[in-house]
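Working notes for the structure below.
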Amino acid sequence: MAKKKFGVHPYIPNSVPEVRSEMLREIGAGSVEDLYATIPERLRLKKNMNLPEPFLSEFELKKHVEALLSRNTSCEEYLSFLGGGCYQHDVPAVCDEINQRSEFLTAYAGEPFEDHGRFQALFEYQSLMGELLDMDVVNVPTYDGAQAASTSIRMASRITGRNHVLLSDTLSPDKLLVIRNYCRSDLKIETVGHCPVTGRVDLEDLRRKISKRTAAIYFENPSYLGCVDDQGQKISDLIHQDGGISVVGVDPISLGVIAPPSHYGGDIVCGDIQTLGIHMHFGGGHGGFIATRDEERFVREYPSRLFGIEETAVQGEYGFGDVLYERTSFADRDKSKEFVGTAAALWGITAGVYLSLMGPKGMQEMGKTIMQKSQYAAKRLSEIRGLSLAFPEAVFFKEFVVDFNKAGNSVKSINKSLLQEKIFGGVDLSDQFPELGQAALFCATEIHTKEEINRLAQSLKKILGRSRKAHIVKKGKRG
Amino acid sequence: MGMDMKTKLRRFHQARWDEPVIFESSRKGERGILVPQAEKGIEDVVGDGISKLPRRMRRKKPPQLPELSQMQVLKHYLRLSQENLGADFNVDIGQGTCTMKYSPKVNEQFVRSPKVSALHPLQDPSTVQGILEILYKTDLFLREISGMDRFTFQPASGSQATLAMASIVKAYHASKGESEQRDEIVTTIFSHPSDAAAPAVLGYKVITIYHDESGLPDLEALKKAVSKRTAALFATNPEDTGIFNPKIDEFTKIVRQHGGLCTYDQANANGSLGLTRAREAGFDMCFFNLHKTFSSPHGCGGPGCGAMGVTQKLSEFLPVPVIRFDGKKYLLDYDVPLTIGKVRSFYGVVPAVLRAYAWIMSLGGEGLKEVARVAVLNNNYLLKKVKEIRGASAPYAEGQHRIEQVRYSWERMTQETGVTTDDVTCRMADFGMHMWSSHHPFIVPQPFTLEPTESYAKAELDEYVAALKHISDEAYTNPDIVTTAPHQSVTHRPGHANLDHPDKWGITWRAYLKKCEKGLRKRIG
Amino acid sequence: MRKLGFIVNPIAGMGGRVGLKGTDGWDIVEKAKGLGALPAASEKAAQSLSRLSHLKQDIELWTCSGEMGEAVAVKSGFVPAVVEPVSREKTTSEDTSRAARKMADGSVALVLFAGGDGTARDIQTAVGDRVPVLGIPAGVKMHSAVFSINPMLAGELAGAFLQGGTKRVTDAEVMDIDEEHYREGLVSARLYGYVKVPCGEAHVQGLKVGSPGSEQFFQEAIAQDVIENMEENLLYVIGPGTTTGTVMKKLRLDHTLLGVDLVLNKQIIEKDLNEERLCRRIRGRAARLVIAPIGGQGFLLGRGNQQVSPRTLGEIGKDNVLVLYTQQKLYSLKGRPFRVDTGDPALDRALSGPIMVITGYRTRAVYRIK
């Protein structure tokens, strides 16, 4: 059965038959088929691909895709308290304005003179992050925070020549999966416990596990469970004692009010830039950063691009280029090679715009507002009968764990009930952290109003009340 | 008026704003955006919030970010954007291997809808059935296009997909108890450098086979390289030279006979869509760059997506979660028994997948074949024209047609005039165009790689050729103008004296200032 | 003010134009002239200097009188210092060597010369590795790895080097090719010695994959790989050259740069063996040969190789040959295969075909021997 011949398409200028013929004539070929002479018959696909009929007009395509998308309910329609590695913060209009510009959106790998804008924007991103982190070297963004953590850990291993690595056990399990996959071939990973009351790293456990073979300790501040750890200096001192490296993961939006790791001995600092002016995109808005001091032993280990400022051939004119540390002598650390391509440049530019808009005061105020909102939320939720804070003495930034063990129902079921109230409840931790039992991670940021937080509390109160009643009825029936 | 229609040359000049680095425009006290404050009701209950932080955790001095008002921030970045040459603006056929095609704007509208941008990945699946369907259907499409049995969109680039494939290779052999034995991978010299670098990260020994005189990988060399120690073949085909290896299935057969897996880097798939597939060529895994072949824009270097496909026997190793359809609804399945875990957070760069979906839906099967055919037509048309330029040549595959790109050489011109390919790149910028050489180090001497794709009109191809020809003429008659180019770009040729020494490099503005203060380098300007 | 030494071999290249395979000696020159050849070296030298003329004020040019440099220098707008007056009309190797020695003694930053292998050897004899050297390709035979691709690029590289933009130098082999054999189409290449040359392609922008390594880096990586895989109680015959030399350096062993050494259990058991001695020592024992191609043309084994003869190879066995070569050097061969010409056609045939090359740490290439 012959399919209708494909006509002219707006995305394919030379699909116009006359042009095609002219070009074939100039090439000296009879048909386009001739041009495929180098692909043997036996490798040709004999059948037509089983793909749906296309929507040739833009209008029909729009209708189709929009119909599909209408089956999504976004966090602008429902009230969301989800966190767990992807966050809902306000995205300034200017951020979207800049990353929509075709000049940036459709550029790729031009030279520093014709793509000067991209180089400068990314150099500025590096520099702005440098100020935020109070460090002198930051790379061009890589894939996401998980891969940044993996790379940072491998860097530490190469620098120290050791392959034993300690990770805090309060990392997101998904992040741990990425780290394990990335480091599987040559690193021995061991986890360090945490204090069940404060959520901080268990220093005794750390002390026990550090040795002269330990390359690094990796911990996060705040951790996946939301807790801020004020023992950073002690942790860094412990690892430094035996020549190891302190690797710390941070949430950049917290650094307006929380001290950056470079202030408490952090050597390699990493994290994700999604919170800096980038939408959630269903998990597609991530970019990773790695920062260190401006020392040769660190800089030479970066497997990703670093842009540097440079004078051009014309005196007084500045341009940019890749900082290239050319390795001149092969050492043991070079045995474990690594590479990472540029991976999230557009998000890097966006984060730069965000930080430029915020300025020092904006970051300070943001940190303050977030802490106030999350503390308020924590207080309201912990006041509900049946709920309590899992880490009652923890200091947290924007996320906190709520203990549901006395709630009378599972987090899963309660979240389903919240859904009916048009609320996305906290991330269910029950499977990932079984030692917590039924628990959920709630996130409150600057976008949550007092009314919305109150609404969450009221809904939970109602839902828990209902399930308590159901219990009583059940008990009654039995008794 | 406008460009000279006879010579097809433009009197182009790129925007040049002499825009200071943003810190230099900082004015104390200015605000770019105001942040919501906590309501009084909240403040009454919890106080200022930050006092809860132990003293040593409080940031003493605010970060030294610049202070600008909103319009000024906008202006700064808009100016920088004007100093950038996006594919939408130029005849961007000079970034070979990157497949710089049209990214339809209607797809941007989809991606920017809050129905996509405001979705949290951990929302209850019942609230995201629309996007899950799109992810699932795109998986089905790619299966048809490649012959593979299952796709994941988790890797965020071709390189990350290659790393994921290498992880699966490792896991597969481990499951057979052959990890120790199989510690080598084989690749070819014209495959992408990541095909060698990614497996090396996982500890594999890398054996690279060279090409024979025709420019194709040497089959005899492959036989020497493959053994019981071979874990996998990592091959790009057609290679970056644009030459299709007609014996690719013989290559895979040899590797499979020795028990190795075959992985296919399909970054160069644009000329083969619908015409030849990974499956029939004998591959167990492949990946496509959705930000190349499937129209998602490049974003200055990401975010993108390396969609990775596997055959049935390898699907138990896929990263989690996998998207399934139970007949009624779409689910995220974490129960993949031998999964390699994760290569990236969550499910990948979802906007890139959405764009690929829309692009495929706007073309259909016949449309994809047309894309490939016109890409090949454009490429061979260009090949004929470029070979006519004095000093240019297309090494290998003499007299044969190529697929979607060609790696040319300016070697003759360099021998005769001293003008190099890098010089030509600089001079092309004066006409508003890119010309990329090749990955370093150069194998083809003085290379330049052009990949027209299906997106450019014949007249645009002619324009590009006219510029190349003009520069070739200049090389032979007035080389200085080429060797001192660019003249009409944003800046002049960059230096590099301050980019490779620890005492000199300035990776952040503050580091640069520190070194200037210490007298280690001169302040520019 | 940086000092640049500049030497032109006026007769270099004359033979080639008229089909003679080299211009060694004035009798060949007469023959060439008779066939209509014109001196071409001076023209190429001038092309190079034209790329340096913008540095006229910043360089002190040292050269020889007359056709050996002064004439070209003056024509190119320089005011040279003539450090070697040459009286003869028919200049000789001694003139070249003397001039080069004076330049090295005077600590020039670079000796830029126009000539071929012969000239390179004359300079190497005088200068060794005391000062860097760079060749403007003007000879017929240019197997030594000291030449730029063309005169213009030689001038540019010299300029970049003098200005400090390019600082690195690397070892380059100077070759001695047997004239007679060469004219018969055979390969008899001998490693004559080493000089230091400035590194071209100094700065590489636009890298998307990792940071680069210098030639030195990869040679050390190769050495690391070889050493880690060295088996106990196995004899290792280490061939000449810097690549194999790096293995010895890493083992902290003395190395005969132009000769063959014998290593067992990572210790030297004998240095600089001749063929007789070598065969005797490896007879009946398991051995590996560690060699690298020499020169810029990929000669792996030539007739002139006194130590590694067909007999030696017979004792070792062709499967026990480890070939070392960096990727960068492989690329520079532009697809041309390695050449072997042992003098034994059967052995040559046996050695032909694909061969595994160690190109770095845990990296290999499969290349071809012809």
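In summary, strands (runs of 3 or more DSSP E) completely within segment C:261-370 and bearing 1 or more residues that are within 14 Å of chain B (Cβ to nearest Cβ) occur at C:321-324, C:353-360, C:363-369.
Only one of B:88, B:92, B:139 is in contact with a helix residue (DSSP H, G or I) (Cβ under 8 Å, 6 or more places away or on another chain) and either touching a residue at least 60 places away in the same chain (Cβ under 8 Å) or at the interface with chain A (Cβ under 7 Å from one of its Cβ atoms) (or both); which? Break it down stepwise before answering.
On the way: B:92 fails: in contact with a helix residue (DSSP H, G or I) (Cβ under 8 Å, 6 or more places away or on another chain); B:139 fails: in contact with a helix residue (DSSP H, G or I) (Cβ under 8 Å, 6 or more places away or on another chain).
It is B:88.
Scanning segment C:217-250 for residues that are away from every other protein chain (no Cβ under 14 Å) and either part of a loop (DSSP other than H, G, I, E, B) or acidic (Asp, Glu) (or both) yields C:230, C:231, C:232, C:233, C:234, C:239, C:240, C:241. Quick one: in segment C:93-118, which of the residues that are in a helix (DSSP H, G or I), of a type outside the set (Lys, Arg) and modelled with pLDDT of 90 or more is surrounded by the fewest Cβ atoms within 10 Å (Cβ to Cβ)? Step by step, filter segment C:93-118, then rank; the result is C:105.
Selection of segment A:343-399 for residues being part of a helix (DSSP H, G or I), surrounded by fewer than 24 Cβ atoms within 10 Å (Cβ to Cβ) and touching a Ser or Thr at 6+ places or on another chain (Cβ under 7 Å) yields only A:382. Residues in segment A:143-169 that are outside any helix (DSSP H, G or I), under 22 Å from residue A:242 (Cα atoms) and either aromatic (Phe, Trp, Tyr) or out of contact with any strand residue (DSSP E or B) (no Cβ under 7 Å at 6 or more places or on another chain) (or both): A:161 only.
To keep it simple, each residue is scored yes or no on (1) modelled with pLDDT under 95; (2) within 25 Å of the chain's Cα centre (by Cα); (3) in the same structural domain as residue A:250 (by TED's automatic domain parsing).
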position	(1), (2), (3)
A:371	no, yes, no
A:376	no, no, no
A:379	no, no, no
A:439	no, yes, no
A:445	no, yes, no
A:452	no, no, no
A:459	no, no, no
A:466	yes, no, no
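Taking segment A:170-242 and the helices (runs of 4 or more DSSP H) fully enclosed by it, the elements with 2 or more residues that are of a type outside the set (A, V, I, L, M) and open to solvent by less than 50 Å² (accessible area, probe 1.4 Å) are at A:173-183, A:232-241. When the criteria are applied in full, residue B:191 fails the requirement of being closer than 29 Å to residue B:102 by Cα and at the interface with chain A (Cβ under 10 Å from one of its Cβ atoms). Residues considered: C:264, C:257. Of these, the only one that is open to solvent by 60 Å² or more (accessible area, probe 1.4 Å), in contact with a Phe, Trp or Tyr (Cβ under 8 Å, 6 or more places away or on another chain) and not assigned by TED's automatic domain parsing to the domain that holds residue C:192 is C:257. Across segment B:372-406, the qualifying residues are those that are at pLDDT below 95 and within 14 Å of chain C (Cβ to nearest Cβ), and the one among them that is least open to solvent (accessible area, probe 1.4 Å) is B:397. Every condition in (1) within 8 Å of chain A (Cβ to nearest Cβ); (2) at positive phi; (3) not basic (Lys, Arg) is met by residue B:272 except one, and the failing one is (2). Looking across segment A:86-111, the residues that are part of a loop (DSSP other than H, G, I, E, B), in contact with a helix residue (DSSP H, G or I) (Cβ under 8 Å, 6 or more places away or on another chain) and buried (at least 24 other Cβ atoms within 10 Å of the Cβ) come down to A:86, A:107, A:110, A:111.
Among the criteria (1) within 8 Å of chain B (Cβ to nearest Cβ); (2) in a loop (DSSP other than H, G, I, E, B), the one residue A:275 does not fulfil is (1). The condition (being free of Cβ contacts under 8 Å to residues at least 12 places away in the same chain and open to solvent by 10 Å² or more (accessible area, probe 1.4 Å)) is satisfied by just one residue among A:438, A:458: A:458. Residue B:364 satisfies every condition listed in (1) more than 7 Å from chain A (Cβ to nearest Cβ); (2) touching a Pro at 6+ places or on another chain (Cβ under 6 Å) except (1). Do the conditions hold for residue B:132, that is, is it farther than 19 Å from residue B:298 by Cβ, open to solvent by less than 10 Å² (accessible area, probe 1.4 Å) and not in a helix (DSSP H, G or I)? Criteria not met by residue B:132. Checking each residue in segment B:24-52 for being facing chain A (nearest Cβ under 7 Å) and under 30 Å from residue B:511 (Cα atoms) picks out B:31, B:32, B:33, B:35.
Conditions tested, residue by residue: (1) over 18 Å from the mean Cα position of the chain (by Cα); (2) of a type in the set (Gly, Ala, Ser); (3) open to solvent by less than 10 Å² (accessible area, probe 1.4 Å); (4) not assigned by TED's automatic domain parsing to the domain that holds residue B:440.
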position	(1), (2), (3), (4)
B:278	yes, yes, yes, no
B:284	yes, no, yes, no
B:297	no, no, yes, no
B:303	no, no, no, no
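Residue count for segment A:78-91 under the criterion of being closer than 19 Å to residue A:284 by Cβ and at the interface with chain B (Cβ under 8 Å from one of its Cβ atoms): the result is 7. All conditions but one from (1) at pLDDT 95 or above; (2) more than 8 Å from every other protein chain (Cβ to nearest Cβ) apply to residue B:4; the one that does not is (1). Could you check segment B:100-129 and list, in sequence order, the residues that are in a helix (DSSP H, G or I) and within 24 Å of the chain's Cα centre (by Cα)? Within segment B:100-129, B:105, B:106, B:107, B:108, B:109, B:110, B:111, B:112, B:116, B:117 qualify.
What about residue B:296, is it within 12 Å of another protein chain (Cβ to nearest Cβ) and in contact with a Gly (Cβ under 7 Å, 6 or more places away or on another chain)? Explain how you work it out, then say what you get.
Numbers: within 12 Å of another protein chain (Cβ to nearest Cβ): yes; in contact with a Gly (Cβ under 7 Å, 6 or more places away or on another chain): yes.
Yes, satisfied.
The values are calculated or read from the model by the stated rules, or taken from the named source; none is laboratory data. A quick note: this is a predicted structure, and the numbers were derived from the prediction, not measured. Heads up, the Cβs are rebuilt from the backbone with ideal geometry, glycines too, and the neighbour counts pull from every protein chain shown. Ligands, DNA and RNA are excluded from the accessible area calculation, which covers all protein heavy atoms including side chains. Shrake-Rupley method; radii C 1.70, N 1.55, O 1.52, S 1.80 Å.
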